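A short write-up of the structure that comes next.
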Amino acid sequence: MQVTRDKLEQAGRPDLRRLLSERNQYPERASEIDEKIRQTFERRVAILVLDMCGFSRLTSQYGIIHFLAMVYQMEQGACPAVTGNGGEVIKQEADNLFAIFAQPAQAIEAALDIFRAFEAMNEVTSEERNIYGSIGIGFGDTLVIGSHDLFGHEMNLACKLGEDLAAKMEILLTPAAHDALPLGRYACTPDSFLISGLELHCQRFQQCLYPRPRGEAVGKVDD
């Protein structure tokens, strides 16, 4: 059964909670309910996770209000870059922003536009107001809960890459996101991290090998 865009937009947290409650009450129906959850919420998307750098240092040095003002400034730079590349901002939590796209190439272009916006802002602000970010990008089947939340393996990996592992103004991609990029357009180098005894593989974005052709559609998030 194909779920329409309208149903995807209407389905939200109460619907998910109701289905999860049924799953807990009737474990013998787990497979049936899992399939209903997938049909209602699952979408194949690219996930961009942006984390602002320096939260603890800036808050300690200048106070939380100063940093909240910077978060608002981050939103002003990041949100247009997301929508301008066919993406959708799903949620913002503290100094993090989460967005989805139809394809990882759109997420990379949005990430680059976000960093360009930050650099432009930093040209006209004092040093203590300079904004920097780190970005993780994943791609795969994800539970998209209306316009409120995201759950899935690639979401978890993108969070780990963007929030914990990427350096300032750096983009890291999961192997799945990298494998779905157009051949020959982006240069990336493989890397890996050892976390809690597990090896996490990723691709470190280096550069665009050629710009997106003029007038090429960036597309929209798949229904």
Efficiency of FRET from Cβ geometry, Ser21 and Tyr62, R₀ 41 Å, rounded to 0.05: 0.40
In the chain, how many lysine pairs have Cα atoms under 20 Å apart, counting only pairs 8 or more places apart or on different chains? 6
Residue-normalised 222 nm signal for the chain, counting each DSSP H run of n ≥ 4 as -39,500 (n - 2.57), nearest 500 deg cm²/dmol, is -12500 deg cm²/dmol
Relative contact order, percent, the stretch 42-208 [alpha-carbon distance under 8 Å, six or more residues apart]: 25
Distance from the stretch 60-76 to the stretch 148-198 (C-alpha centre basis), Å: 26
Given R₀ = 22 Å, what would the calculated FRET efficiency be for Asn122 paired with Glu88, taking r from the Cβ atoms and rounding to 0.05? 0.25
Taking loop as defined by DSSP and a crowding limit of 15 other beta carbons within 10 Å, which trypsin sites (Lys or Arg not before Pro) in the stretch 110-177 fit? Lys168
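Taken together, the values in this text are just the output of simple stated rules run on the coordinates, not laboratory data. Model, not experiment: these values are computed from the prediction. Backbone-built Cβ (ideal geometry, glycine too); neighbour counts: all protein chains shown.
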